[in-house]
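Below: one structure, written as structure tokens.
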Amino acid sequence: MEQAARREFLENYGRIRHAENRGSETAAYYLALPYRDLSGKNAAQWLIRGRSYRFFERRILPAIERAAKRPLDILDLGAGNGWMSYRLSLRDHRPIALGIFTDAKDGLGAARFYPRQFPVLEAEFDHLPVDNASVDLVIYNSSIHYSTDYRRTLSEARRVLRPAGRVVIVDSPVYRKREHGEQMVAERHRQFEKQYGFRSDAIPSIEYFDETMLQELGRDLDIGWTIYRPWYGWSWHLRPLKARLAKRRPPSRFWILVGRFQKQ
């Protein structure tokens, strides 16, 4: 990633996150995540994050644990304030929290609030500072949509995964059609420009998946995808109907995608 673009991205990202009142000065806030937002400032978003993680923890992770019969080596990519790494450490796994946002309250610097410590690395998705075939799970924690090239990003994940390893994508938007994703991106950039005075596009992130894109990635990188559809409640379930009645573009879906590389 070009350094000037990275600096601009981080400055803009930090301004947005601070404007949204992310983070806290108390450990209790972080220890409650993702199930409760004790600040009450972003409760709706954390409600989704909590339901996604609960589904992953109850419906996906146990089978992987049983197959491994040992603690898992896990990369938590785009780890934010480290809440997922902390939760995984409570299950006696060995997570590494990795990202480029190091803010003391909303980034990797917040790892100091957790009573269990885990490694924290400042690094980019496309240049993971870990050995070949050294991890069991690569989890993109509401983050892979910041990638500028999914093939390059996922190829780097393939490099570090063990033969039975898996890549997990959580809380990234998925659309049926590419045009709907592009409409979302345009809307977000207009919103940021109106609200903050910049479009937040210093780095040309892809920002979404569509169904054709997933098929193409599966074909080109030889990934077998398993798609999980958590239940986020009736309000979330009815969003497509409400959008259709209002003649708006279809909303995103938050599937959990579990990929396994067929050849490594």
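Scanning the stretch 1-19 for residues that are farther than 16 Å from ALA104 by Cβ and either free of Cβ contacts under 8 Å to residues at least 12 places away in the same chain or out of contact with any Phe, Trp or Tyr (no Cβ under 9 Å at 6 or more places or on another chain) (or both) gives GLU2, GLN3, ALA4, ALA5, ARG6, ARG7. Within the stretch 197-232, can you find the residues that are touching a residue at least 60 places away in the same chain (Cβ under 8 Å) and either farther than 27 Å from ALA5 by Cα or of a type in the set (D, E, K, R) (or both)? GLU207, ASP220, LEU221, ILE223, TYR228, PRO230, TRP231, TYR232, listed by residue number.
Screening the stretch 207-247 for residues that are among the aromatic types (Phe, Trp, Tyr) and assigned to a helix (DSSP H, G or I) and picking the one that is surrounded by the fewest Cβ atoms within 10 Å (Cβ to Cβ) gives TRP234. Does the stretch 109-132 hold any residues that are surrounded by 12 or more Cβ atoms within 10 Å (Cβ to Cβ) and under 20 Å from SER155 (Cα atoms), and which are they? Within the stretch 109-132, LEU121, GLU122, ALA123, GLU124, PHE125, ASP126, LEU128, VAL130 qualify.
If we scan the stretch 46-53, do we find a residue that is part of a helix (DSSP H, G or I), farther than 19 Å from PRO95 by Cβ and more than 17 Å from the chain's Cα centre (by Cα)? No: zero hits. Select from the stretch 164-195 the residues that are farther than 17 Å from PHE55 by Cα and among the acidic types (Asp, Glu) and list them in ascending order. Once the filter is applied, which keeps residues that are farther than 17 Å from PHE55 by Cα and among the acidic types (Asp, Glu), the stretch 164-195 yields GLU179, GLU182, GLU187, GLU193. Residue pairs whose Cβ atoms lie under 7 Å apart, sitting 6 or more positions apart in sequence or on different chains, and linking a residue in the stretch 235-252 that is under 17 Å from GLU187 (Cβ atoms) to a partner that is polar (S, T, N, Q) and assigned to a helix (DSSP H, G or I), are ARG249/GLN183. Residues in the stretch 83-97 include at least one that is surrounded by fewer than 20 Cβ atoms within 10 Å (Cβ to Cβ) and part of a helix (DSSP H, G or I).
Among the criteria (1) outside any helix (DSSP H, G or I); (2) at pLDDT 95 or above; (3) under 20 Å from SER142 (Cα atoms), the one PRO204 does not fulfil is (2). When restricted to residues that are among the charged types (D, E, K, R) and part of a helix (DSSP H, G or I), the stretch 54-78 contains 6.
Taking the stretch 140-159 as the range and being within 18 Å of ILE203 (Cα to Cα) and small (Gly, Ala, Ser) as the test, the residues that pass are SER142, SER143, SER147. Run down LEU161, LEU137, LEU154 and say which single residue is farther than 30 Å from ASN21 by Cα, touching a His at 6+ places or on another chain (Cβ under 9 Å) and either polar (S, T, N, Q) or at pLDDT 95 or above (or both). Selected residue: LEU137, the only one of LEU161, LEU137, LEU154 that is farther than 30 Å from ASN21 by Cα, touching a His at 6+ places or on another chain (Cβ under 9 Å) and either polar (S, T, N, Q) or at pLDDT 95 or above (or both). Put simply, of ILE48, ILE60 the only residue that is closer than 25 Å to ARG159 by Cβ and at pLDDT 95 or above is ILE60. For LEU38, are the conditions met, namely being surrounded by 14 or more Cβ atoms within 10 Å (Cβ to Cβ), assigned to a helix (DSSP H, G or I) and either out of contact with any Asp or Glu (no Cβ under 9 Å at 6 or more places or on another chain) or touching a residue at least 60 places away in the same chain (Cβ under 8 Å) (or both)? It is false that LEU38 is surrounded by 14 or more Cβ atoms within 10 Å (Cβ to Cβ), assigned to a helix (DSSP H, G or I) and either out of contact with any Asp or Glu (no Cβ under 9 Å at 6 or more places or on another chain) or touching a residue at least 60 places away in the same chain (Cβ under 8 Å) (or both).
The values are calculated or read from the model by the stated rules, or taken from the named source; none is laboratory data. Please read these numbers as outputs of a predicted model, since none were measured by experiment. When we count neighbours, we look across all protein chains shown, and the Cβ atoms used for this are built from the backbone with ideal geometry, even at glycine.
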